[in-house]
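We did not get these values from a lab; they are worked out from the coordinates using the rules stated. Since the structure is predicted, the reported quantities are computational estimates derived from the model, not experimental observations. All Cβ positions, glycine included, derive from the backbone under ideal geometry; neighbour counts span all protein chains shown.
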Amino acid sequence: MRHTPDLPKRLTDLTPVVIVGTSLWAVALVVLFFVADGVWVWTAFAGIVLGFIGFGIIFWQRAAARRGSKSAQRL
C-alpha cells in the first residue's frame, strides 16, 4: 500500500477562507445598513458572528493539535 502525500498547507489552512468570508459579510453589513433594513441587516450581522465562531474553532483545533490531543486535526 502506497502512502499518499499530504496536501500543501495553502490548501488545508482555513484561516484565509474565514477571513475573506467574514470580511465580505462586514462589507455587506455596512452597505445593507444604509440601503436596506430588517432581515438583511441581521443576516449580514449573523454572518460576521459565525465568522468569529469559525475563528474560535480554528484556534481551538490548533491548540488541541499543539497539546497532542488524539482527536485534534493535524494541520
Within region 1-30, considering residues that are among the hydroxyl-bearing types (Ser, Thr, Tyr) and closer than 15 Å to Ile57 by Cβ, the one nearest to the chain's Cα centre (by Cα): Thr15
For region 7-68, which fully contained helices (runs of 4 or more DSSP H) count at least 3 residues that are touching a residue at least 24 places away in the same chain (Cβ under 8 Å)? 15-35, 39-67
Could you list, in sequence order, the residues of region 31-63 that are among the aliphatic types (A, V, I, L, M) and within 17 Å of the chain's Cα centre (by Cα)? Ala44, Ala46, Ile48, Val49, Leu50, Ile53, Ile57, Ile58, Ala63
Answer residue from region 44-71, given it is surrounded by 15 or more Cβ atoms within 10 Å (Cβ to Cβ) and among the β-branched types (Val, Ile, Thr) and is nearest to Asp13 (Cα to Cα) among those: Ile58
